[in-house]
Each structure stands twice: as C-alpha cells, then as structure tokens.
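Worksheet: one structure, shown below.
The values are calculated or read from the model by the stated rules, or taken from the named source; none is laboratory data. Here the structure is a predicted model, which means the values were calculated and not measured. So basically every Cβ, Gly included, is an ideal-geometry build from the backbone, and we count neighbours across all protein chains shown.
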Amino acid sequence: MRISTFFYTLWQGIRNIFRNKWFSLASIATIAACLFLFGLFYSILTNFQFMIKKAEQGVSVTVFFNEDIDESEIQEIQQQIMKRAEVSKVDYVSADDAWASFSKEYLGDYADGFPDNPLAESANLEIYLNDVSMQSALVTYLESIDGVRSVNKSEITADTLSGVNVLIGYVSAGIIIILLAVSIFLISNTVMIGISVRKEEIMIMKYIGATDFFVRAPFVIEGITIGIIGSLIPLAIIRILYGNVVVYISEKFTILSSLLQFVSIDTIFKTLLPMSIVMGVGIGFIGSYTTVRKHLRV
Amino acid sequence: MLRKKVKTQDTDDKNMIVLDHVSKSYSTGAPALNDVSIKIEKGEFVFVVGDSGSGKSTLIKLLLRELTSTEGDVFVNGCDVGRLRRRKIPKFRRNIGVVFQDFRLLKDRNVYENVAFAQRVIQVPTRDIKRNVPKVLSRVGLAGKYKAKPKQLSGGEQQRVALARALVNRPAILLADEPTGNLDPNNSWEIMKLLEEINQDGTTVIVVTHNREIVNAMEKRVITIKKGVIISDEEKGGYINED
C-alpha cells in the first residue's frame, strides 16, 4: 500500500465520523451505554468479592492442645499448618497471651486477684483462611494431629460466606448474559441504520473498481474510532462517580463500616480500563466489518 | 478444450467485447437474455436499445461482472469474465468506465473529490491526481466548478462529473446506462457530443438508451434487444419502432 493511500484511508475514516454525525453519535452512545453498564456491574462485583474476601479472612479456627504439649511442639505444628494452601495466617497465642487478653477485656483491675494463670492450658493457634469453603476439610485435618485437644470453628459464618460467593457467581453470569444480549441487540440496530446510509457509497466504490480492502478500511477505522470514544466516555463517568458513591455509601451506612471496605478506583481501573477499550474496539471493528461485508458482493 | 479454443479465437486484437451464445436466467420467470451473440470492436460506438425489461440492464451487469451468464461466454478486453475470480474483479472493472442514469456521485464530496476518488481507488500518486483531475474536468467543461457539491449542480453538470470520473483512469471501454435519461434535450446533446469525442480518442463506447431522437440522429451502430433476444444489429442504424 502506498503511504498516500494509507493516510487517505485514515483520513476518510476519521472524516466519515463527522460526515454521518447522527449515526456516529448513535453508535458512540450505544457502545458507551453498554460499556457503562458493564463497568458499573464490574465495579459492584469487584467490591462485593473484595468484601466477601475480607470477611472470609476474618473467619478463624482455633486449635487447643493437650496439657503435655510444650510450646516448641506447638510451633512445629504451626509450621506444618502454614504450608496448607487454604491457610492465610496462623497466630500462636500462648497461655499468658490468652490470659492477658481475657483479663484485660473482661476483668480489668480484678485480674490481680488471680495469683496463677487460670488459663494455663489455653495455649492455642488461631488459623485464618483464604478460602472459607475449605474450612471443614481443614478442621478434619487439624483434629487428626496428635496432641490436639479440640478445634473451635464457626460453621454458620463459613457456610454463609461460601453460599454468598456462589450466589454472586450465578448473579454475575446472569447479568453478563443479559448485558451481552442487550448490547448485541442495540449494536445490530445501529449497524442496520449504518447499512442504509452506506449502501450506495459502497456500490459506487465497487463499480469504480475499488478492492474490498479499499472499501472496507475507512469504515473499519471509523468503527474502531467510534469504539474507542464509546469506551472512554463510560470510563470517565465511572471514574468520577465511583469516589462520590463510595463516600455516600460509607456515610449513609456507618453501622456497616467494618464490612464496607471498598476497592480503590485504581485497582478497578487496572482491569476495567483495558477490558473496556478492548471491548469498544472489538464492537466497533466487528460492527463495521460485518456491515460493509454484506454489501461488498456487487 | 473447446472453451480454450473459443477464448483464443474471440480475444484477438480486434474485438473489445464478445458475447458468445450468452443466456441469463434468473430463478423466477423467463430468461432475461436468450442466446445472445455480439461482437464489438475496439474503438466502436454502439447504441443498445430496447424497452424496459428487454434485457439491457442484464447485459450491462454481465459486462461489469455484477452477474455471470447462465450459458455462453462473455469476453471483455480479452478477459473471460465468467471465469474471473472474485478478487480479480476490481482490477477488471478499472478497464471500464461507467456512467449511470442517476449519476451516482458521492454526495458528500465535491466535484474534485468525486473524480479524484476514481484515481485514489487505483492508488495513483497524489501529485498525478492533482494533474489529471483538473485536466479531465476541463475536458467536460467543469474546470470552474471543482469545489461544488453535487447537489449544487444541474443534472447535466452532474452527469458530466460522472463522465469525468469514468474517464480519468483512461478506461478502454465506456459503458453509459441511460446517460440522458434524467436530462433535458440540450444537456442530452451535450453529453452525447462528449461521448462522441471520447470515442474519437479511441475509447470503445457503449450507450444503452431509450432516446429515439439521439439514436436516429447520430447514425451509429444500433443493437436492438427485445425480450432478451437481439432482433436487429445494424451499422448506422436507427431506433426501431417496436409497436
């Protein structure tokens, strides 16, 4: 291809956007609307998952040991438990730590009345999990270790959290399918309008002896440009809205402040930005490519 | 083997267009063309006349390879059109300039851009386009209107732009499909004069028309088609009254 042809094609593609102002605006609006919904949903989903993860990490299993086990053995067991994939953190709480924490929380100054540590057999390991659904498997393992007296766990919290996780999975799949269907419907409608506008132009080009590539290239450039613009608009809106919404929710629901921990916008944008742009470009490319293809057989 | 023989026989230097027992049927109804054989030599000026539905449009579409024949062979400028591969069609069409009744100009581009477009399609360097377009525009008498948009021009002027676009690539053949169909008599004559000049420069010109006066006055070869069959083919012929 000649350089002049390349620039001509590029220029025609950009000019096409302005030539058909209303068509371009409709296409940009359609893509922007779809990608805005997508971005919105993605942000909500990411935050939900983040909160669930946080809650999961707060769920701990406590292991108590027989009297005859000394501290070094417990620490050895701690090392073994650390090696398991579902375990995120293991804290060793010695008998003295346990008493100090208990007395501080419940007894205050009255604690001085106890000359010995009443919780002498309470040395324990607090285990935090990455994945709450693995809790029962971990408990079975812990109970099988020699020297373990008892394992305390919170079955209900763990079950609820893994249940919520599964539910979010289904809901996300459902919403993604609905969003896809809506975008395809809207985009095919916009493309149909495009066809009637371009039909004659494509036919003239073909009669003159233009190759398929020459006919198609400006349209594809136009489509991709529209796609990029259509993806940047919702990204900008989400970027502005996000901070405000987070502040609003945090202020409105102060009771839930321990649970409501939000992902930073930068973290969300690390994935959302490239995904939205790729989707915008993809929609623009496929939309323009298929529209023109239908009319190339002249 | 037979096809090959026909090909060499019909693509000699003399003939520009050869239709060899060509028939074209659509899925419904009677055949649009029925066993049509035509030879048009290089540099000829030919009128193709006939009522609407006679098969004239089908003939044009076959020559442009918009359609392929159901039977028989079509040769244009030495090329077996029926066997042309799809991706070779654009290059093939660059040998044929086409002018339509409804002009078919790109409405959002000015006169210069409409003509230059034909050159861009075949990737002529910009500096050559800048030289060729004004030349061809002045030939059709529109040098002063190169900035105008099609809707600012009269029908006759629009047709001259279409003619300039068809000529700028110096095609071997010029196909004009009802070029005067939307024009008043004065403009019609202007266009016909231009076509004749183009023909005198060596381009083979084929004009499909209904215009009885023009056909009769110009005393060129006239091929008359009726219901898909050639009913007459005369040198210096006239418009046959079919009633």
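Which of the residues spanning segment B:77-91 are under 19 Å from A:T211 (Cα atoms) and either within 13 Å of chain A (Cβ to nearest Cβ) or not basic (K, R) (or both)? Explain how you work it out, then say what you get.
Within segment B:77-91, the subset under 19 Å from A:T211 (Cα atoms) is B:79, B:81-91.
Once the filter is applied, which keeps residues that are under 19 Å from A:T211 (Cα atoms) and either within 13 Å of chain A (Cβ to nearest Cβ) or not basic (K, R) (or both), segment B:77-91 yields B:C79, B:V81, B:G82, B:L84, B:R85, B:R86, B:R87, B:K88, B:I89, B:P90, B:K91.
Look at segment B:56-92 and say how many of its residues are within 16 Å of B:P171 (Cβ to Cβ) and under 11 Å from the mean Cα position of the chain (by Cα).
3
For the condition loosely packed, with under 12 Cβ neighbours inside 10 Å and modelled with pLDDT under 80, what is the one hit in A:A181, A:A158, A:A173? So that I can check it myself, show each step before the final result.
On the way: A:A158 fails: loosely packed, with under 12 Cβ neighbours inside 10 Å; A:A173 fails: modelled with pLDDT under 80.
None of the others qualify; the one that does is A:A181.
Among the strands (runs of 3 or more DSSP E) confined wholly to segment B:167-243, which include 1 or more residues that are buried (at least 19 other Cβ atoms within 10 Å of the Cβ) and small (G, A, S)? Reasoning before the result, please.
Numbers: elements: B:173-177, B:204-209, B:221-226, B:229-234.
Here the list reads B:173-177.
Given the conditions (1) within 25 Å of A:S288 (Cβ to Cβ); (2) buried (at least 16 other Cβ atoms within 10 Å of the Cβ); (3) at pLDDT 85 or above, report the number of the one that A:F23 does not fulfil.
Condition not satisfied by A:F23: (3).
For segment A:77-106, what are the residues that are acidic (D, E), surrounded by 12 or more Cβ atoms within 10 Å (Cβ to Cβ) and within 21 Å of A:Y128 (Cβ to Cβ)? Lay out the reasoning, then the answer.
First, the residues of segment A:77-106 that are acidic (D, E): A:86, A:91, A:96-97, A:105.
Still in the running and surrounded by 12 or more Cβ atoms within 10 Å (Cβ to Cβ): A:86, A:91, A:96-97.
Those that are acidic (D, E), surrounded by 12 or more Cβ atoms within 10 Å (Cβ to Cβ) and within 21 Å of A:Y128 (Cβ to Cβ): A:E86, A:D91, A:D97.
Does B:I89 satisfy the criteria of being on the phi < 0 side of the Ramachandran plot and at pLDDT 90 or above? Explain how you work it out, then say what you get.
Working: on the phi < 0 side of the Ramachandran plot: yes; at pLDDT 90 or above: yes.
Yes; evaluated as a whole, the condition is true for this residue.
Restricting attention to segment A:7-28, and to residues there that are closer than 25 Å to B:V124 by Cα and among the basic types (K, R), which single residue is nearest to the other protein chains (Cβ to nearest Cβ)?
Within segment A:7-28, the match that is nearest to the other protein chains (Cβ to nearest Cβ) is A:R19.
Go through (1) within 14 Å of another protein chain (Cβ to nearest Cβ); (2) out of contact with any helix residue (DSSP H, G or I) (no Cβ under 9 Å at 6 or more places or on another chain) and name the single condition A:G209 misses.
That leaves (2) as the condition not met.
I'd like to know if segment A:253-275 contains one or more residues that are in a helix (DSSP H, G or I), among the small types (G, A, S) and away from chain B (no Cβ under 14 Å).
Kept after step one, since they are in a helix (DSSP H, G or I), are these residues of segment A:253-275: A:254-256, A:265-275.
Okay, now just the ones that are also among the small types (G, A, S), so none.
So far as segment A:253-275 goes, no, none of its residues is in a helix (DSSP H, G or I), among the small types (G, A, S) and away from chain B (no Cβ under 14 Å).
Here are A:I176, A:I208: which of them is touching a strand residue (DSSP E or B) at 6+ places or on another chain (Cβ under 9 Å) and assigned by TED's automatic domain parsing to the domain that holds A:I283? Before you say what the answer is, go through the steps one by one.
Details: A:I176 fails: touching a strand residue (DSSP E or B) at 6+ places or on another chain (Cβ under 9 Å).
Residue meeting the stated conditions: A:I208.
Mind telling me which of the residues B:K42, B:K56 ends up being crowded, with 22+ Cβ neighbours inside 10 Å and of a type outside the set (A, V, I, L, M)?
On the way: B:K42 fails: crowded, with 22+ Cβ neighbours inside 10 Å.
Matching residue, one of B:K42, B:K56: B:K56.
Considering only segment B:48-63, I want to know if a residue exists there that is under 24 Å from B:T224 (Cα atoms), touching a helix residue (DSSP H, G or I) at 6+ places or on another chain (Cβ under 6 Å), within 14 Å of chain A (Cβ to nearest Cβ) and of a type in the set (S, T, N, Q).
The answer is no; no qualifying residue exists.
For a quick check of your reading of the model, give me the residue pairs whose first member lies in segment A:55-78 and is farther than 12 Å from A:R149 by Cβ and free of Cβ contacts under 8 Å to residues at least 60 places away in the same chain, whose second is loosely packed, with under 15 Cβ neighbours inside 10 Å and of a type in the set (D, E), with beta-carbon atoms closer than 9 Å and at least 6 apart or on different chains.
A:Q78/A:D91
One residue is enough: does segment B:133-152 have a residue meeting the conditions under 21 Å from B:P171 (Cα atoms) and of a type in the set (F, W, Y)?
No, every residue in segment B:133-152 fails to be under 21 Å from B:P171 (Cα atoms) and of a type in the set (F, W, Y).
Can you name every residue in segment B:92-118 that is in contact with a Gly (Cβ under 7 Å, 6 or more places away or on another chain) and within 8 Å of chain A (Cβ to nearest Cβ)? Don't jump to the end; show me each part of the working.
To start, the set of residues in segment B:92-118 that are in contact with a Gly (Cβ under 7 Å, 6 or more places away or on another chain) comprises B:93-94, B:101.
Correct list: B:R93, B:R94.
Among the residues that make up segment A:57-70, is at least one of them surrounded by fewer than 16 Cβ atoms within 10 Å (Cβ to Cβ), in the same structural domain as A:M275 (by TED's automatic domain parsing), out of contact with any helix residue (DSSP H, G or I) (no Cβ under 9 Å at 6 or more places or on another chain) and not polar (S, T, N, Q)?
No, every residue in segment A:57-70 fails to be surrounded by fewer than 16 Cβ atoms within 10 Å (Cβ to Cβ), in the same structural domain as A:M275 (by TED's automatic domain parsing), out of contact with any helix residue (DSSP H, G or I) (no Cβ under 9 Å at 6 or more places or on another chain) and not polar (S, T, N, Q).
Here is a check on your reading of the model: is A:S288 assigned by TED's automatic domain parsing to the domain that holds A:F36, under 30 Å from B:K61 (Cα atoms), in contact (Cβ under 8 Å) with a residue 40 or more places away in the chain and assigned to a helix (DSSP H, G or I)? Spell out how you get there, then give the answer.
On the way: assigned by TED's automatic domain parsing to the domain that holds A:F36: yes; under 30 Å from B:K61 (Cα atoms): yes; in contact (Cβ under 8 Å) with a residue 40 or more places away in the chain: yes; assigned to a helix (DSSP H, G or I): yes.
Yes.
Of everything in segment B:189-243, what is under 20 Å from B:V99 (Cα atoms) and among the aromatic types (F, W, Y)? Give them in sequence order.
Listed by number, the list holds a single entry, B:W189.
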